[in-house]
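Student: Structure provided below as structure tokens; questions to follow.
Just so it is clear, none of the values below were taken in a lab; they were calculated from the coordinates. Predicted model only: the values in this text are computed from it and were never measured. Because the Cβ atoms are built from the backbone with ideal geometry, glycine has one as well, and the counts that use them run over all protein chains shown.
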């Protein structure tokens, strides 16, 4: 299964189970060094943050600039979310 489709399916599962706010959905942030500052503590206070990655390279268009690193981080997030889902 493709990563983007899997992410879409996981979000749809959360919605189907009654998720109505950002606090209801597991979220990840990949902080790129050339993008705007984003402290992890700030994100933790605002969303249900399960993964915060400080990337080594990339900027605002990271999926285009460093696609391998972006995809690896997305795969790691999906693996984390799968582990958090009820069996």
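Student: Compute log10 of I(q)/I(0) for the stretch 44-87 with the Debye formula, placing one identical point scatterer on every Cα and leaving out solvent, at q = 0.24 Å⁻¹, to two decimals.
Tutor: For the stretch 44-87, the Cα-only Debye profile gives -0.91.
Student: Please compute the length gained on full extension between residue 12 and residue 41, using 0.36 nm multiplied by the number of residues separating them and subtracting their Cα-Cα distance.
Tutor: Going from the current span to full extension adds 7.7 nm.
Student: Contact order normalised by length for the chain, with contacts defined as Cα pairs under 8 Å and 6 or more residues apart; what percent is it?
Tutor: 28 percent
Student: Given points 7 Å out from each Cα along the Cα-Cβ axis, report the residue 24 to residue 48 separation in nanometres with one decimal.
Tutor: Each label point lies 7 Å from its Cα, and together they span 0.9 nm.
Student: As a test of the definition: which semi-axes, in Å, follow for the chain when you take the square root of five times each eigenvalue of its alpha carbon gyration tensor? Largest first, please.
Tutor: Ellipsoid semi-axes (Å, largest first): 23, 17, 10.
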